[in-house]
Structure formats: structure tokens, C-alpha cells
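J.: Encoded as C-alpha cells, here's the structure I'll be asking about.
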Amino acid sequence: MATIPIDIKTGNIDNDNSSQTELIVGIDLGTTNSLVAYMRDGAPLCVRVDESSALMPSIVHFTADNEVLTGEAAKEKLLIEPSRTIYSVKRLMGKSYKDVEGFGHKLAYSIIDEDSDSLVKIRVGDRFFTPIELSAQILRALKTRAEAALGQTISKTVITVPAYFNDNQRQATRDAGKLAGLDVLRIVNEPTAAALAYGIGVGAELAQTIAVYDLGGGTFDISILQIQDGIFEVLATNGDTFLGGDDFDKAISKHWLTQLQHAGFPDYEQDKSRLQALRLAAEAAKKALSASAHYNTTLEGVALELSRETFEQLIQPLVQRTLECCANALKDAKLSTTQIDKVVMVGGSTRTPLVKNAVAQFFGKPVFDELNPDEVVALGAAVQADILAGNRRDLLLLDVTPLSLGIETVGGLMDVIMPRNSKVPGKAGRQYTTSVDGQKNLKVSVYQGERDLVAHNRKLGEFTLRGIPPMPAGLPKIEVVFQLDADGILQVKASELRSGVEQQIDIRPTYGISEEQMALMLLDSIAHAETDMKARALLEARNEANNLLLSGRKFLEQNAAILDDAEKAATTSLLDQLQVSVAGEDKDLILANIESLNAYTAPLAHRALDYNIQLALQGQKA
Ligand code: ADP
Ligand code: MG
């Protein structure tokens with residue numbers, strides 16, 4: 001076994017000292033609005049990223065001379081230059097044209113239909129953009145604005161996504177981050193972040209089930225989460241991808257449009273800038289009605305008014321639809337409203353009193369609404385970022401290992417020490433021994449993956465445990481312990497318990513691997529399960545045979561005095577026969593030869609044992 005040791009230091013190795021001091025921000029990359037939050041003095045806080053607001057509209061506008069506008073400035077162009085103003089790009093992330101067939105026409109800009117299976121592109125003038133590129137524009141704007149506001153550079157982030165996002169959508173989000181010059185340390189589910197912002201699930205609490213009701217600008221999501229020991233499990237998600245505050249605005253616009261038409265503007269809706277003004281007035285009215293009972297304004301000299309009562313009548317059916325989704329989610333999770341311990345309100349539209357009241361009534365309990373509902377996801381992302389930064393060692397990391405972690409054992413087999421889905425932080429260990437007499441060094445190679453042979457898994461690192469005092473094979477007690485910290489660093493430590501020699505290495509298992517690659521590795525292991533099982537069985541038979549060959553030949557040498565020639569010849573021939581089969585591929589033949597060798601030598605071994613005991617007793621007497 002060639003040992004090529006890597007640079008090993010004893011004691012603590014910190015792979016990434018910078019993570020201790022560098023700021024990691026949390027980003028809520030929303031369909032309607034995006035936010036950046038960070039930890040200040042132990043509490044999460046949103047950064048002002050747009051015109052004195054923490055919310056930056058997730059909109060990108062390309063001017064005629066290809067200047068890029070983002071946020072409020074882009075929102076102003078929404079109805080005036082719809083084909084050059086991209087909104088709701090989150091809906092297109094990781095999607096092919098086939099995926100968006102049902103709603104592509106609902107968007108005011110043009111989606112390219114090149115090939116049904118390829119990812120969608122958006123055309124602006126004569127240029128083409130992928131949703132990843134457009135999301136990257138939003139992220140880049142957030143980064144630049146947050147850097148200006150905080151006076152420091154930002155590169156590391158945690159980005160949130162809806163709980164129902166699939167691997168493609170998550171990967172697309174990561175890629176957008178990368179394109180924007182951000183290092184995306186973690187993708188976190190939005191409902192998980194919302195719970196974290198309220199401190200739910202961060203302490204040592206009993207298991208609890210929570211509902212996260214998220215009504216944003218254009219989408220509604222209800223998620224039922226089970227939280228235990230720092231792990232957030234999504235039990236069910238439901239919702240409506242075309243239901244949100246925008247629909248409230250439309251309802252008000254429609255209501256007022258009739259009044260405007262009667263007041264001498266029959267073609268009011270034909271004029272895009274007028275329509276834009278009406279839509280903005282409607283949104284202003286809606287927001288005002290969250291705090292007061294009446295709202296008045298004028299548009300084109302026409303006095304318009306709206307009472308909260310009328311507004312509630314207009315949106316009642318929309319709110320009712322969200323409750324139906326809640327009922328469906330509960331049904332999928334096989335839970336009743338009484339089994340929900342907490343209800344968390346998320347999304348700007350939950351500021352509407354009718355929404356809040358209807359949800360509280362539906363679940364039969366007061367809701368969590370003390371934090372700004374449009375900030376709560378970003379705030380929670382900042383909490384998660386802080387945990388990743390290693391600043392909150394008191395907190396559990398809210399995750400599990402995505403792939404199994406283990407070491408290579410004789411014959412190239414993967415010996416799993418920390419199975420996939422193990423809780424993080426976590427610790428697990430196993431004992432090993434040497435296979436050769438007087439073995440002084442032991443190579444520990446660390447792998448990640450689900451396959452039975454390390455050759456098919458991903459190597460994370462290796463080191464050599466040196467200075468094992470010479471002992472017969474099998475006597476040293478070597479303990480290998482894996483400890484995975486909340487910040488994702490795996491410490492692998494090997495120690496020989498009799499002598500106390502030890503060596504360790506620190507590795508970051510998630511470094512340089514994408515969620516997509518991890519998913520592929522999983523699928524791969526399933527596809528190869530049968531061949532892997534066979535390969536493992538053969539290797540295990542070989543290992544057993546090799547051990548038996550070693551001890552068998554030793555036995556012959558040490559007990560020559562008590563064995564007759566026929567016994568020696570028969571044992572040697574059985575050993576040779578086993579040796580030949582080990583070189584072959586037939587597992588059953590190896591096992592059969594092991595069995596015949598064991599059967600033949602068992603009485604001989606007994607005799608040898610008796611003889612040695614007698615010798616020892618005589619020695620004692622003498
Ligand atoms: P998303 O998650 O879709 O990015 P947000 O959570 O930011 O969206 O919610 C945006 C929606 O919240 C918009 O429709 C906006 O008009 C609405 N909203 C914001 N403030 C209020 C308010 N005070 N009352 C009612 N609705 C509001
Ligand atoms: Mg949101």
C-alpha cells in the first residue's frame with residue numbers, strides 16, 4: 001500500500017479562517033421584491049437597498065441603449081415599456097419552454113420557443129437572456145447596493161428559495177449567484193428561514209409542527225414543517241402560483257376603472273401610462289387600507305375613494321382560495337388545524353387585516369406577525385448565514401448530510417462512518433485494526449458518496465497515521481472518528497488507542513460540489529446498486545480469504561511440531577486452492593474454499609491449542 005501523505009498537522013486545522021470574520025449576508029430573492037439582511041449586534045437586520053426601502057422590486061429594465069435599470073427605477077417602466085421590462089423572472093428559473101407553456105403568455109415580455117426541452121430564454125430587443133442571467137442582474141444590484149450601504153464588500157451569501165423548488169430551480173439560483181460574483185454557501189427554504197427569523201427551531205425544543213402562510217405579490221405558498229432537533233422537514237406544500245397582492249391591486253383597479261369610465265374617460269385602459277398610474281394608485285390604496293378604514297385619491301381630476309369594507313368584499317374570494325390551499329396542505333400532511341403548533345405569516349400581502357384574520361380564524365390560533373412579513377424571509381436567511389459563519393456555536397445547524405461519508409478499507413471498499421441524512425452537527429466513529437504484523441503506518445482516505453467501492457465515490461482527502469508501535473496484525477485498536485461541525489467542516493481523527501498516537505485532518509465535504517452533482521451521485525448509486533452489491537460481496541470474500549491465508553500459513557509454521565506430513569500437505573493444498581480462487585472473480589468458490597479450509601483445520605487448531613496450554617502449564621511447573 002503506497003502511502004502518499006498529504007500535509008498533515010496535528011492539532012486544530014482551520015481550513016477557512018476568513019469565514020470567522022467575513023460577513024455572510026442572507027438574500028431573499030423574491031418574485032416581486034428582493035432583500036438583503038445581515039447580523040448586527042446579534043440580531044438580523046435588513047439593508048436599505050432601494051430608495052430608502054429594504055425592498056428592491058425584482059425587476060430589470062433594459063433601456064433602448066442597453067443600460068440596465070433595476071428596482072424602483074425599473075418598476076416605473078413596467079406598463080410603459082413592457083417588452084423591455086422583466087418582472088417575475090423567478091417563475092422561469094430552471095424551467096424549459098415546456099414547463100412554462102401554461103403561463104408564458106401571461107407575461108408581458110417575450111419568451112423564446114427554440115426547442116421545447118431546452119431552458120427558456122427571454123428576448124429583449126435583439127438580445128436574449130436566460131432567467132439565470134436576469135436573476136444575476138437582480139443579485140448584482142443587491143450586492144452593489146448593500147455594499148454601498150454597509151461600506152464593505154460582500155461575497156458570501158445564503159439565498160432562499162420556495163420549499164417546492166426542485167433541484168434544477170435550486171441549481172439555477174446558485175448559478176445566478178455565481179454569475180453575480182457571489183459565493184452561495186447555502187440554499188435555504190423560505191418557510192425555514194421565516195421560522196428561523198422568529199427563533200423557532202433554533203433552541204433545544206420539543207418537536208413541533210408549524211404552518212408558514214406566505215402571500216406575496218404574485219404567488220401564494222403554504223408550507224407545513226415539522227421541526228425537531230434543528231432539522232426542518234417539509235411535510236407538505238401547497239399554493240397557487242398565480243395568486244397574490246397583485247390580484248388585490250387588479251381588483252381595486254377594476255373597481256375604479258368603471259368609475260373613471262363613467263367620469264368621462266371611456267378609453268382609460270387603452271393608455272398604458274394611465275393604466276400604470278391606476279395600478280400604482282390601487283396598490284397605494286391597498287397598503288393604506290391595511291392601517292386605516294378609508295382611502296381617497298384623485299386620478300385625472302376624478303375623485304376616487306375606497307373603504308376597507310368594500311376592499312374586503314373585493315378580495316374575499318381570493319382570500320378564500322388561499323384557505324382552500326391550506327386545507328389541502330393539511331390533508332396531504334394528514335394533520336388537522338389543531339395539530340399545528342404555530343402559524344407564521346410571510347409576504348407583504350399578509351399585512352392586509354382581512355388576510356391575517358382569516359388565517360388566524362382558519363387555524364384557530366393567533367398568528368406570528370410581529371416581524372415585517374416582507375422582511376421575515378431575509379431576516380431568517382441572515383440568521384442561517386450567521387450560523388454558517390460559525391458565530392452561533394450554541395445553535396444547531398439546520399441540516400443533514402446530503403451524502404454518506406466514510407473511509408476506504410482493504411480492497412477499496414467504502415466503509416460508511418456517517419450515513420447520508422445524518423444530523424449535523426454530528427459525531428460518529430468506528431474501530432479498525434491492522435492487517436499486517438508490525439504495521440507502523442495506516443492510511444486513512446476519506447470519501448463521500450453512496451457507492452460500495454471508493455473508486456466510484458468522491459475523495460475528500462487522506463492522511464497517514466504514523467508511529468503505531470509494532471504489534472501483531474489485529475492487535476492495534478485504531479479508532480476513526482468523524483465530527484461534522486455546524487459550519488460544515490468535517491474533522492477526521494484517527495487514534496491508536498493502545499499507544500495513544502493520533503492524527504487528524506479537517507475537510508469541507510460540500511466544497512466544490514453542487515447540489516446537482518450530489519443528486520447525480522445518489523441516482524448513480526441506485527442505478528448501480530446490484531453490481532455494487534456483487535462487487536462488495538466479492539471483495540469481502542477476498543478480504544476474509546486473505547486474512548485466513550495469512551493466519552493459515554502462520555499456523556503451519558508455528559505448529560510444525562504437532563502436525564504430521566499428511567496434515568501439512570492437506571492444509572497446504574487447501575491454502576493453495578484458496579489462494580488461486582482469491583485471484584479469480586468467483587465469490588462462491590472463494591467462500592466454499594474458505595469453508596473447506598476452516599472445516600479441515602478446526603480439529604488441528606484445537607489440538608494445537610491444547611498442546612500449547614499443556615506447554616504453558618509445564619513451563620509454569622518447571
Ligand atoms: P414576493 O415574496 O412575491 O417577492 P412580497 O412578500 O414582497 O413579495 O409581497 C409583495 C406584495 O405585498 C405586493 O403585492 C405589495 O403590494 C404587498 N404589500 C406590501 N405592503 C403592503 C401593505 N401594507 N398592505 C397590503 N399589502 C402590502
Ligand atoms: Mg417572498
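J.: Count, please, the residues in the range 31-90 that happen to be under 29 Å from the mean Cα position of the chain (by Cα) and touching a residue at least 24 places away in the same chain (Cβ under 8 Å).
T.: 29
J.: A further question on this structure: So the check is Cβ under 7 Å with 6+ separation or different chains; which pairs have a first residue in the range 560-576 that's within 18 Å of residue 595 (Cα to Cα) and a second one that's hydroxyl-bearing (Ser, Thr, Tyr)?
T.: As it stands, the answer is 570/600; 571/600; 571/601; 574/596; 574/600, since those pairs meet every condition given.
J.: Something else about it: Taking the range 557-575 only, how many residues are assigned to a helix (DSSP H, G or I) and surrounded by fewer than 17 Cβ atoms within 10 Å (Cβ to Cβ)?
T.: 12
J.: Just need a number here: residues in the range 478-507 that are under 25 Å from residue 390 (Cα atoms) and either touching a His at 6+ places or on another chain (Cβ under 8 Å) or assigned to a strand (DSSP E or B) (or both).
T.: 15
J.: Take the range 289-306 and flag every residue that is without any contact (Cβ under 8 Å) to a residue 24 or more places away in the chain and either surrounded by fewer than 17 Cβ atoms within 10 Å (Cβ to Cβ) or acidic (Asp, Glu) (or both).
T.: Passing the criteria: 291, 292, 293, 294, 296, 297, 298, 301, 303, 305.
J.: Within the set of pairs 6 or more residues apart or between chains, which connect a residue that is in contact (Cβ under 8 Å) with a residue 60 or more places away in the chain inside the range 136-147 to a residue that is assigned to a helix (DSSP H, G or I) with Cβ atoms less than 7 Å apart?
T.: Every condition considered, the pairs that remain are 139/176; 139/177.
J.: Right, another one. May I ask you to list the residues in the range 406-418 that are surrounded by 22 or more Cβ atoms within 10 Å (Cβ to Cβ) and within 16 Å of residue 479 (Cβ to Cβ)?
T.: Across the range 406-418, the qualifying residues are 406, 407, 418.
J.: Additional query: Scan the range 444-496 for residues that are among the aliphatic types (A, V, I, L, M), touching a residue at least 40 places away in the same chain (Cβ under 8 Å) and over 12 Å from residue 408 (Cα atoms) and jot them down.
T.: If the condition is that a residue be among the aliphatic types (A, V, I, L, M), touching a residue at least 40 places away in the same chain (Cβ under 8 Å) and over 12 Å from residue 408 (Cα atoms), then 473, 475, 478, 481, 484, 486, 489, 490, 492, 494 are the ones that fit.
J.: Considering only the range 455-484, how many residues are under 15 Å from residue 507 (Cβ atoms) and among the aliphatic types (A, V, I, L, M)?
T.: Residues flagged as under 15 Å from residue 507 (Cβ atoms) and among the aliphatic types (A, V, I, L, M) within the range 455-484 amount to 4.
J.: Does the range 277-286 hold any residues that are within 11 Å of ligand 1 (Cβ to nearest atom) and surrounded by fewer than 16 Cβ atoms within 10 Å (Cβ to Cβ), and which are they?
T.: Passing the criteria: only 284.
J.: Residues being closer than 18 Å to residue 543 by Cα, surrounded by fewer than 16 Cβ atoms within 10 Å (Cβ to Cβ) and at pLDDT below 90: count how many of those fall in the range 434-462.
T.: Qualifying residue count, the range 434-462: 2.
J.: So, one more: Might you check whether a residue that is out of contact with any Leu (no Cβ under 6 Å at 6 or more places or on another chain), in a loop (DSSP other than H, G, I, E, B) and of a type in the set (S, T, N, Q) occurs anywhere in the range 413-425?
T.: yes
J.: Might you let me know whether the range 143-151 holds any residue that is of a type in the set (S, T, N, Q) and assigned to a helix (DSSP H, G or I)?
T.: Within the range 143-151 (the criterion being of a type in the set (S, T, N, Q) and assigned to a helix (DSSP H, G or I)), the answer is yes, since at least one residue qualifies.
J.: When the residues of the range 123-152 are filtered to those that are surrounded by fewer than 17 Cβ atoms within 10 Å (Cβ to Cβ) and basic (Lys, Arg), which remaining residue is farthest from the chain's Cα centre (by Cα)?
T.: Here the answer is 127.
J.: Go through 359, 367, 355, 346 for me and flag whichever is within 20 Å of residue 226 (Cβ to Cβ), near ligand 1 (Cβ under 9 Å from one of its atoms) and outside the structural domain of residue 188 (by TED's automatic domain parsing).
T.: 346
The values are calculated or read from the model by the stated rules, or taken from the named source; none is laboratory data. As the structure is a computational prediction, the values presented were derived from the model and not from experiment. Methodologically, a virtual Cβ is constructed for each residue, glycine included, from the backbone with ideal geometry; neighbour enumeration extends over all protein chains shown.
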